[in-house]
Each structure stands twice: as structure tokens, then as C-alpha cells.
Amino acid sequence: MYEAKTRPGAEDVRVYLAALEPAGRRADALKLLDIFAQETGLPAVLWGGSMVGFGAYRYRYKSGHAGEAFRSGFAMRKGTIVLYLLTGGAASAGVLPRLGPHKTGVSCVYVKRLADVDETALRELIRASMEEMDALYPDGREG
């Protein structure tokens, strides 16, 4: 039976982020923690040992595979910051160009440094992503 590696953990998010090196990466992570917490209104949970997630939802694929994931969040990867956001909705379309230099993937936005990001646009994207998640997965249930 398949068991997901990305699960919520009991580790303290602030302790994990405070140990990140170098100092600039750590500062970006702690700032993102505050931004996501303010915009989602949800507590941070460390998922899979390195992803900071806010909220949760259950999903089920047509194949029958089901699981749980966080609604929004971020991860500090080696050369990039990964922002886990839904950006396919109409609300996000006008905001992404204002974010600053970035790349997008499926439910991910990649940025190099937080200093390159327009904080107002980031906050708008987080709110838009959460609204889209709420529409797709009300109350965290399968959509």
C-alpha cells in the first residue's frame, strides 16, 4: 500500500526555520512564515520535514488514490524559494505579473529571493489561492 511521504509533522516550525543557513535564507523564511500566517489565518505546520504548510485538505484522484496535503505554504530549497499557491484562477492572473521575477509550475511559484518579490502582490496571491482552495475543497473535504 502506498504511504505518502509528505505528511504533517510535530516539529516546531519556528525552530526548524531558525536553524536555516545562511542568515539571509533564514530571514526570508521567517518573514514568509509571518506573511502566510497573517494572510491565511491558519497555524503553520511542518510537512515532510521541510515544507511549511497552512491548512489541509483531502484529495482523491480518479484512480482512487487519496491523501491529504496543505492548502498553501512554502519551502526553502537550495537555490530557490517555492511558494505553494494555486495560480490558475482569474484573481491570480492580474497579480502574478506584479510579483517580480518568478517561474511557475503546477501549484508552485519559484522565486530566488524574497527581496525581489512585491510583498503586496504576494499577499494578494496567497489570499486568492486560499479562496480558490476553499471553492475546490470546502471545509477541507474532497473536491
Meets criteria (part of a strand (DSSP E or B) and of a type in the set (G, A, S)) for G67: yes
Of all residues in region 38-48, which are outside any strand (DSSP E or B) and within 18 Å of C108 (Cα to Cα)? E39, T40, G48
Any residue in region 1-17 that is among the charged types (D, E, K, R) and part of a loop (DSSP other than H, G, I, E, B) sitting within a Cβ distance under 8 Å of a residue that is at pLDDT 75 or above and surrounded by 13 or more Cβ atoms within 10 Å (Cβ to Cβ)? List the pairs, counting only those 6 or more apart or interchain. K5/G48; R7/W47; R7/G48; R7/E68; E11/L46; D12/L46
Among the candidates L99, L85, L42, single out the residue that is farther than 20 Å from Y137 by Cα and surrounded by 14 or more Cβ atoms within 10 Å (Cβ to Cβ). L99
Taking the residues in region 39-61 that are among the hydrophobic types (A, V, I, L, M, F, W, C) and touching an Asp or Glu at 6+ places or on another chain (Cβ under 6 Å) as candidates, determine which candidate is modelled with the lowest pLDDT. A56
Matching residues, region 47-76, being surrounded by fewer than 19 Cβ atoms within 10 Å (Cβ to Cβ) and either of a type in the set (S, T, Y) or without any contact (Cβ under 8 Å) to a residue 24 or more places away in the chain (or both): S50, Y59, Y61, K62, S63, G64
For region 77-97, enumerate the residues that are touching a residue at least 12 places away in the same chain (Cβ under 8 Å) and either more than 30 Å from P22 (Cβ to Cβ) or part of a strand (DSSP E or B) (or both). I81, V82, L83, Y84, L86, G88, G89, A91, S92
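Taking the conditions exactly as written (farther than 16 Å from L136 by Cβ and out of contact with any Cys (no Cβ under 7 Å at 6 or more places or on another chain)), does Y61 satisfy them or not?
no
It is to be established whether one or more residues within region 86-97 are in contact with an Asp or Glu (Cβ under 6 Å, 6 or more places away or on another chain) and under 21 Å from M51 (Cβ atoms).
Yes, because at least one residue in region 86-97 is in contact with an Asp or Glu (Cβ under 6 Å, 6 or more places away or on another chain) and under 21 Å from M51 (Cβ atoms).
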Members of region 101-115 that are hydrophobic (A, V, I, L, M, F, W, C) and closer than 18 Å to G24 by Cα: V111, L114, A115
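The values are calculated or read from the model by the stated rules, or taken from the named source; none is laboratory data. Given the structure is predicted, the values throughout are model-derived calculations rather than measurements. Quick reminder, even Gly has a Cβ in these numbers, built from the backbone with ideal geometry, and neighbours come from all protein chains shown.
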